[in-house]
Amino acid sequence: MSLPNKSKWWLELAALTVISALVYLLSVNQFSYYRDDWYYAYDGYIAGPSIFKVMFSSDRPARGIFFGIYYWLFGSHPLPYHLGIYIWRLIGAYAALWLFNLLWSRQRAANFAMSLLFLVYPGFLWWVQGIEYQPMVASVALHTLSFALTLAAIRSQAKTAQAALWASSILTGLTAIALVDYAVGMEAFRVLCIFLAQPAPRRLVKTIRATLITLTIPLLFVVWKLFLFHGDRKATDITFQLGDLLREPLATSILWGQRLLDSALNVSFFAWWTPLRMHYPFVEKDSLWLGLTLATLVLALSLVAFRWLASASAPQPDSNPEASPKADSFPLQAIALGLAGTVFGLFPVIMANRFVIFKAYSHYALPASVAGVILVVGLIHALSSKRLQMILVSLLVGIAALTHRGLAIKAADEQSAVRDFWWQVYWRIPKIQEGTTIAAIYPGIDYGEDTDIVWGPANFLYYPNPQPGMDLVKYPLGGTILDPTGIRNVVEEKEKISATYRSHFIFLNYRRVLVMSQPSAESCVHVIDPRWVEQSQRDTEEIVQLFPHSKMEYALTEGETAVPLGFAFGTEPTHGWCYFYQKAELARQQGDWDSVAAIGAEAARLDLVPADPVEWTPFLQAYAVLGETKKVESLAAQFKDDPFHKEQFCENLTNGIQLKDEMQNKVDELFCRQ
């Protein structure tokens, strides 16, 4: 049954909501803080909402206001931020659907396709970092709404409504650019939309007249940026970034041209493949099947929506024929608008000596993504087969769903690993002395320069003491990067590095390094005591270099740590083997061998054994010290043909531990004679 062209518009909104919820919300309750979110959360927790004004005073003060409001509403609890990311994306998609319907009122199926692809756009990969990237997603949603409000103002005949629409358009546009300054290039996209929306007679004149109003947005921004605001961050300083062009115009122009081409291809085409290839290797087989099932479901829902829209889009008398271009002109218009919008949207990014790559700079694709999906759908609709058009768009939606599922699993697994790591540290160390630098190795996580995920949870765990109104948050504990320079600094034990970044100060003292290693997900966290190094077979050669330089005296054995904050660390994990291992390690550090043996007995009663054999070390030591020969022999039998662990046990049982002569002979016999 054919439906009127504008009937049941809410079904399109419902379809956008359901499909996007399947894509974005399945893992939302597993998310906490991801990478840089740790410092946003900790700074806010310690100093309160006012700290965000300080945090962004050097470059984007609007974000300080934005985060101040958010923190006043939600504090450091991560879930509202992750839901906020989703809600902003959904608002952006609703606004995009309105915008496209204003541009091409007869292209209902195509308009829905562009809105849906914009909503699930897989080229933006930082949505799992719910705090830091909140303003980026809000900005693109507000900017898209601003474009739609502009066209609605042009179409409006009522003076009062028109004035309100113009004011709303300017306000949302200014807010969008204030949050993300490199989005200013999309103001050219606004002008192109105005041009397309004008009826043919005197189109250019009408476009110029309407554009004069919208030019207040970029003009106000540029005047403020150049003459009123005095920031000190070079990355957002226009004159500093243009310095390369003035010094070497030809070389810089060529470089920018290459980056513009690469970025435009990434935004519009490679976004549908490269991120998928990047993130699905992280997915285990069971999760892969779930992801494929989800992608299939999303693809099927998309096909159903497109078939319904195709039947609902039969030609209808248009109340304003001049306002809507002919249907067969849509593909060419969409291709031209999408291509030009993508290029203009990327200009400020390229001029700031940045570019779009999916590993680190995917957020630079976000402002231009609305133009990128227009280009893609325009090319698809240049094909004559309606069925093929629906299939291709649905496939892209399925690819996006699969990409985001892989990313969500990777992020959730990483956050879970970080939380579990610090719960074990909480069981192991009552207090870490202020001024300590932590070298931490997480299982399967290469965090690169993002040491936030080391000192962030460490400070949240051991120094969660709010001091509202501070202008600079001083971190009691630091975390070192583990690149070749960081490893060398730990080994040489010379460097002292202090750094202030935005709203916090951190001090790295490489003479006070505490090394922690979790060699695999099956292993426990090993807080390295250089007296008795417990080296796992899964530890890398690079990490082993750090072990002799771990300073156990900064892992204090006295004092009681506050229970980890639930919103940062979740609920306490089940007390499995690693709980008893950490408690035994603590008792060993305290010299309480009786407690170590008692903990071992409790673990045995519960049939708990380690997945990493080196974790038998504290129990072997306790049994040897206490003269429990049968237990030593029983454990030794497991390592009869294991020279790697026998050598370690030999060293750890004879280094600084006083054994009775009989036990010493037994240890030598069992572990030290090859």
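Computed values, structure above
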read-out: Identity of the residue in region 23-32, part of a helix (DSSP H, G or I) and touching a Phe, Trp or Tyr at 6+ places or on another chain (Cβ under 9 Å), that ends up farthest from Asn459 (Cα to Cα); value: Tyr24
read-out: Candidate set from region 249-264 (those that are loosely packed, with under 15 Cβ neighbours inside 10 Å and hydrophobic (A, V, I, L, M, F, W, C)); member that is nearest to Ala417 (Cα to Cα); value: Leu261
read-out: Residues of region 33-73 classified as crowded, with 24+ Cβ neighbours inside 10 Å and part of a loop (DSSP other than H, G, I, E, B), total; value: 2
read-out: Some residue of region 188-200 being in a loop (DSSP other than H, G, I, E, B), of a type in the set (D, E, K, R) and not assigned by TED's automatic domain parsing to the domain that holds Ser503; value: no
read-out: Strands (runs of 3 or more DSSP E) completely within region 453-572 that count 2 or more residues being touching a Ser or Thr at 6+ places or on another chain (Cβ under 7 Å) and either within 23 Å of Pro430 (Cβ to Cβ) or among the basic types (Lys, Arg) (or both); value: 504-509, 513-517
read-out: Among the candidates Lys660, Lys666, residue that is more than 28 Å from Ser517 (Cα to Cα) and surrounded by 14 or more Cβ atoms within 10 Å (Cβ to Cβ); value: Lys666
read-out: Hits in region 502-525 - residues which are closer than 28 Å to Lys410 by Cα and either without any contact (Cβ under 8 Å) to a residue 24 or more places away in the chain or in contact with a Gly (Cβ under 8 Å, 6 or more places away or on another chain) (or both); value: Ser520, Ala521
read-out: Subset of region 366-388 that is among the aliphatic types (A, V, I, L, M) and over 14 Å from Asn111 (Cα atoms) - its residue that is nearest to the chain's Cα centre (by Cα); value: Leu366
read-out: Failed condition for Ile391, given (1) under 30 Å from Ser253 (Cα atoms); (2) surrounded by fewer than 21 Cβ atoms within 10 Å (Cβ to Cβ); value: (1)
read-out: Residue list for region 368-388, filter: assigned to a helix (DSSP H, G or I) and either closer than 13 Å to Asn266 by Cα or not hydrophobic (A, V, I, L, M, F, W, C) (or both); value: Ala368, Ser369, Ala371, Gly372, Val373, Leu375, Val376, Gly378, His381, Lys386, Arg387
read-out: Selected residue [outside the structural domain of Phe189 (by TED's automatic domain parsing), surrounded by fewer than 21 Cβ atoms within 10 Å (Cβ to Cβ) and at pLDDT 90 or above] from Ala382, Ala417; value: Ala417
read-out: Verdict on Ile445 being surrounded by 21 or more Cβ atoms within 10 Å (Cβ to Cβ) and within 20 Å of Trp127 (Cβ to Cβ); value: no
read-out: Enumerated helices (runs of 4 or more DSSP H) restricted to region 584-650, each holding at least 2 residues that are in the same structural domain as Val667 (by TED's automatic domain parsing), under 20 Å from Cys524 (Cα atoms) and of a type outside the set (Phe, Trp, Tyr); value: 593-605, 617-625
read-out: Top-ranked residue of region 156-170 - restricted to ones that are surrounded by 15 or more Cβ atoms within 10 Å (Cβ to Cβ), part of a helix (DSSP H, G or I) and not aliphatic (A, V, I, L, M), ranked as farthest from the chain's Cα centre (by Cα); value: Gln162
read-out: Filtered residues of region 112-151 (kept if in a loop (DSSP other than H, G, I, E, B) and under 19 Å from Tyr81 (Cα atoms)); value: Val120, Phe124, Leu125, Trp126, Trp127, Val128, Gln129, Gly130, Ile131, Glu132, Tyr133
read-out: Boolean, Ala365 is at pLDDT 90 or above, in a helix (DSSP H, G or I), surrounded by fewer than 24 Cβ atoms within 10 Å (Cβ to Cβ) and not acidic (Asp, Glu); value: no
read-out: Qualifying positions in region 272-302 - at pLDDT below 70, exposed (fewer than 14 other Cβ atoms within 10 Å of the Cβ) and not hydrophobic (A, V, I, L, M, F, W, C); value: Pro281, Glu284, Lys285, Asp286
read-out: Residue that is nearest to the chain's Cα centre (by Cα), among those in region 497-549 that are surrounded by fewer than 17 Cβ atoms within 10 Å (Cβ to Cβ) and among the aliphatic types (A, V, I, L, M); value: Ala521
read-out: All positions within region 28-79 that are in contact with a strand residue (DSSP E or B) (Cβ under 7 Å, 6 or more places away or on another chain) and not aromatic (Phe, Trp, Tyr); value: Asp43, Ile46, Ala47, Ile51
read-out: Filter result for Val393 (in contact with a helix residue (DSSP H, G or I) (Cβ under 9 Å, 6 or more places away or on another chain), in a helix (DSSP H, G or I), farther than 21 Å from Tyr33 by Cβ and not assigned by TED's automatic domain parsing to the domain that holds Phe118); value: no
read-out: Cross-chain or 6+ apart pairs with Cβ under 7 Å, region 51-79 first and touching a residue at least 24 places away in the same chain (Cβ under 8 Å), then surrounded by fewer than 16 Cβ atoms within 10 Å (Cβ to Cβ) and not acidic (Asp, Glu); value: Ser58/Gly231; Ser58/Arg233; Asp59/Gly231; Asp59/Arg233
read-out: Criterion (at pLDDT below 95 and not in a loop (DSSP other than H, G, I, E, B)) met by exactly one of Gly185, Gly84; value: Gly185
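Conditions (1) among the hydrophobic types (A, V, I, L, M, F, W, C); (2) farther than 17 Å from Ser536 by Cβ; (3) at pLDDT 90 or above; (4) in contact with a strand residue (DSSP E or B) (Cβ under 6 Å, 6 or more places away or on another chain), marked per residue:
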site	(1), (2), (3), (4)
Phe619	yes, no, yes, no
Phe639	yes, no, no, no
Pro643	no, no, no, no
Glu647	no, no, no, no
Glu651	no, no, no, no
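Yes/no matrix, rows are residues, columns are (1) in contact with a Gly (Cβ under 6 Å, 6 or more places away or on another chain); (2) of a type in the set (A, V, I, L, M); (3) surrounded by fewer than 18 Cβ atoms within 10 Å (Cβ to Cβ):
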position	(1), (2), (3)
His575	no, no, yes
Tyr579	no, no, no
Lys583	no, no, no
Arg588	no, no, no
Ala604	no, yes, yes
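The values are calculated or read from the model by the stated rules, or taken from the named source; none is laboratory data. Since the model is a prediction, treat every value here as computed from it, not as a measurement. Using ideal geometry, Cβ is built from the backbone for each residue, glycine included, and neighbour counts are taken over all protein chains shown.
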